[in-house]
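Here is the structure we will look at, set down as structure tokens.
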Amino acid sequence: MSTDQSSRSILVVDDDEDICRNLADILGDLGYRVDTASNGMAALELVRRTPYDVALLDFRMPGMDGLELYRQIKKERAGTVAMIVSAYTNTATWEQALTAGAWQVLAKPVDLPRLLALVDEAIGQPLVMVVDDDPDLSATLWDLLRERGFRVCLANDSCVAAARAREQAYRVVLIDMRLPDGDGAEVFHAVREANPDAHTILITGYPREAGGMVEQVLREGADAVCYKPFDVAGLLATVERLTHKSPDGPGAHAEGTADE
């Protein structure tokens, strides 16, 4: 497998303890760190403490099914990629899972080589954090970026953003310059301290008011600034350049996109 698994974490949730144990053994032998839970409430307790890269969730479980569990995981850890595993795969299951934001639906008994390939692919998706206190905008950016193959973490204030930056290595961080408990400059400095290699895009709806701060943070090393309302295509192109997904290739420096 191409990914360095040593720091990668996977959560397996199934009310069949034999399935949990078998998957944990297989994935653990491949170098992943694996936790297991037999029900939704136990899984959520783990999620609140640990930023899992991938969650493998049984569809039918007593108390809380896999889709409702993922909806709760997404509120806590939006960057976790979910795969629903079910003995009852059909069109309705697929539609429900995709609507909830899950990435894949796999049938039981699991095709193990396919599962391992998908885990590797999911973990290889670039990790992006969106720091913004507007829940609707954050949800929209999550959808847009997920459609393009990014894992997307959300933070609604500077304290949460700083904590998230210490937990995982992000390729790109989008930072709203006006936050309820501080400003984007504080988040930029926290990201720089925790992960100096992360690229940063500043976002603001107040170009004149935030202009001095934006210019200062750009001088300190931020990669780009995008103004609200966004030029969505330009913003996505900037994220893709900074994660080296575009033909511009490694080392491409994004220009700020503005819709003034």
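The values are calculated or read from the model by the stated rules, or taken from the named source; none is laboratory data. Not measured: the values here are computed from a predicted model. With ideal geometry, Cβ positions are generated from the backbone for all residues, glycine too; neighbour counts draw on all protein chains shown.
Listed by first and then second residue, the pairs with beta-carbon distance under 6 Å, at least 6 apart or on different chains, first residue in the stretch 62-89 and free of Cβ contacts under 8 Å to residues at least 12 places away in the same chain, second surrounded by fewer than 16 Cβ atoms within 10 Å (Cβ to Cβ), form an empty list.
In this structure, is residue 209 farther than 12 Å from residue 175 by Cβ, in a helix (DSSP H, G or I) and at pLDDT below 95? No.
Condition first: in a helix (DSSP H, G or I) and touching a helix residue (DSSP H, G or I) at 6+ places or on another chain (Cβ under 8 Å). Now tell me which residues in the stretch 134-161 satisfy that.
Initial filter on the stretch 134-161 (in a helix (DSSP H, G or I)): 135-147, 158-161.
If the condition is that a residue be in a helix (DSSP H, G or I) and touching a helix residue (DSSP H, G or I) at 6+ places or on another chain (Cβ under 8 Å), then 144, 145, 158, 161 are the ones that fit.
Listed conditions (1) closer than 23 Å to residue 153 by Cα; (2) part of a loop (DSSP other than H, G, I, E, B); (3) among the charged types (D, E, K, R); (4) modelled with pLDDT of 90 or more are all met by residue 74, apart from (2). Can you list residue pairs whose Cβ atoms sit under 7 Å apart, with the first residue in the stretch 213-234 being in the same structural domain as residue 183 (by TED's automatic domain parsing) and more than 13 Å from residue 192 (Cα to Cα) and the second being surrounded by 14 or more Cβ atoms within 10 Å (Cβ to Cβ) and of a type in the set (D, E, K, R)? Count only pairs 6 or more apart in sequence or on different chains. What qualifies is 213/183.
Under the condition of being small (Gly, Ala, Ser) and crowded, with 20+ Cβ neighbours inside 10 Å, the residues counted in the stretch 186-211 number 3.
Filter the stretch 166-185 down to the residues that are within 14 Å of the chain's Cα centre (by Cα) and over 16 Å from residue 223 (Cβ atoms), then identify the one that is surrounded by the fewest Cβ atoms within 10 Å (Cβ to Cβ). Ranking the qualifying residues of the stretch 166-185, first place goes to 169. Consider the stretch 90-106 and keep the residues that are among the hydrophobic types (A, V, I, L, M, F, W, C) and farther than 20 Å from residue 143 by Cα. The one that is farthest from the chain's Cα centre (by Cα) is 92.
For residue 139, state whether it is farther than 16 Å from residue 53 by Cβ and under 15 Å from the mean Cα position of the chain (by Cα). The answer is yes for residue 139. Looking only at residues in the stretch 29-50 that are of a type in the set (Ser, Thr, Tyr) and closer than 24 Å to residue 65 by Cα, the one that is nearest to the chain's Cα centre (by Cα) is 50. The listed residues are 31, 66, 101, and the only one of them that is outside the structural domain of residue 172 (by TED's automatic domain parsing), on the phi > 0 side of the Ramachandran plot and surrounded by 15 or more Cβ atoms within 10 Å (Cβ to Cβ) turns out to be 101. Residues that are within 18 Å of residue 114 (Cβ to Cβ) and within 22 Å of the chain's Cα centre (by Cα) were ranked within the stretch 12-28; the one that is surrounded by the fewest Cβ atoms within 10 Å (Cβ to Cβ) is 27. Checking the structure you have, find out if any residue of the stretch 106-119 is modelled with pLDDT under 95, farther than 30 Å from residue 159 by Cα, assigned to a strand (DSSP E or B) and not charged (D, E, K, R). So far as the stretch 106-119 goes, yes, one or more of its residues are modelled with pLDDT under 95, farther than 30 Å from residue 159 by Cα, assigned to a strand (DSSP E or B) and not charged (D, E, K, R).
Name every residue in the stretch 41-59 that is of a type outside the set (A, V, I, L, M, F, W, C), crowded, with 16+ Cβ neighbours inside 10 Å and out of contact with any Asp or Glu (no Cβ under 7 Å at 6 or more places or on another chain), in order of residue number. Those that are of a type outside the set (A, V, I, L, M, F, W, C), crowded, with 16+ Cβ neighbours inside 10 Å and out of contact with any Asp or Glu (no Cβ under 7 Å at 6 or more places or on another chain): 52, 53.
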